[in-house]
1. Looking at the range 128-180, what % of the alpha carbon pairs are farther apart than 19 Å?
2. Which percent of the Cα-Cα distances in the range 57-111 go past 17 Å?
3. Tally Lys and Arg at +1 and Asp and Glu at -1 over the other residues with C-beta under 14 Å from the C-beta of PRO146: what net charge comes out?
4. Kirkwood hydrodynamic radius for the range 69-211: how many Å is it when counted over pairs of different Cα atoms?
5. Could you tell me what percent of the accessible area of the range 139-191 is made up of carbon and sulfur, with a 1.4 Å probe and every protein chain present?
6. Projected onto the charge dipole of the range 88-164 (+1 at Lys/Arg Cβ, -1 at Asp/Glu Cβ, origin at the Cα centre), which of ILE158, TYR132, LEU93 gives the Cα projection farthest towards the positive end?
7. Given charges of +1 on the Cβ of Lys and Arg and -1 on the Cβ of Asp and Glu, with all other atoms neutral, how large is the dipole of the range 74-211 about its Cα centre, in debye to the nearest 20?
8. Note the full-extension length gain between LEU78 and LEU168 as 0.36 nm times their separation in residues minus their Cα-Cα distance, in nm to one decimal.
Amino acid sequence: CPVCKTTFAASPINSADGTGCCPQCGTTLSIFGDDTWVPSAAMHSEGELASDLNIEGYEVLQQLGQGGMAVVFEGRQLSLGRRVAIKVLSPSLARDDSFVKRFEEESKMLAQLSHPNIVTVFERGKSKDSIYFIMEYVEGIEGAPPMDLRSVLDQRFITPAEARHFTLQIARALSYAHRQSIVHRDIKPGNVLINRHGDAKVADFGIAMMT
């Protein structure tokens, strides 16, 4: 539960509208379905993944973030000397065809999108047991590591002008995706990166759906 941080089991089968209540604080929550659920066993350590990650033409530098399905690393494309983000599917999920399909669908959908407020995908591939795709590196303000909108909101209040700026950019990105028949389905501050110019970049289409 994002409100009281209680962990509890829930099933969308028991909820006609796809929501449920936290047993601790009673907050109404969205409950993931079969195509959005990720097992807790998917969580893994940075070392487990980074030590086996060897992608031809790229240097893996450091971990940037970790989600339910994957870990994102900072990397460097050797031929061009540019920084990139490398999203790698959890090894435990890479053995499950359904999760591999979801991960590959995310890269396919992102590759179809070309918009200034959506993170760009360059390529995808497989190295040993690692399934990955390469994305643009969204540098933070003044060269800082990537920062999502959730982190910004945790640090300070944003101004009304900033709120309007981010909202319009996110809305434009989602509107563009919808015109390409892609629905994000997980838009939230944690899935919006803020780049060095203070602009929003929508990311993480991991549970997006083609309409």
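1. 51
2. Result for the distance tail: 46 percent.
3. -2
4. One over the average 1/r among Cα pairs gives 15.8 Å for the range 69-211.
5. C and S atoms contribute 57 percent here.
6. With unit charges placed on the Cβ atoms, the residue in question is LEU93.
7. Roughly 160 debye, rounded to the nearest 20.
8. This chain segment gains 28.8 nm when fully extended.
The values are calculated or read from the model by the stated rules, or taken from the named source; none is laboratory data. Since the model is a prediction, treat every value here as computed from it, not as a measurement. As a convention, Cβ positions derive from the backbone with ideal geometry for all residues, glycine included, and neighbour counts pool all protein chains shown. Only protein heavy atoms, including side chains, enter the accessible area calculation; ligands, DNA and RNA are left aside. Shrake-Rupley method; radii C 1.70, N 1.55, O 1.52, S 1.80 Å.
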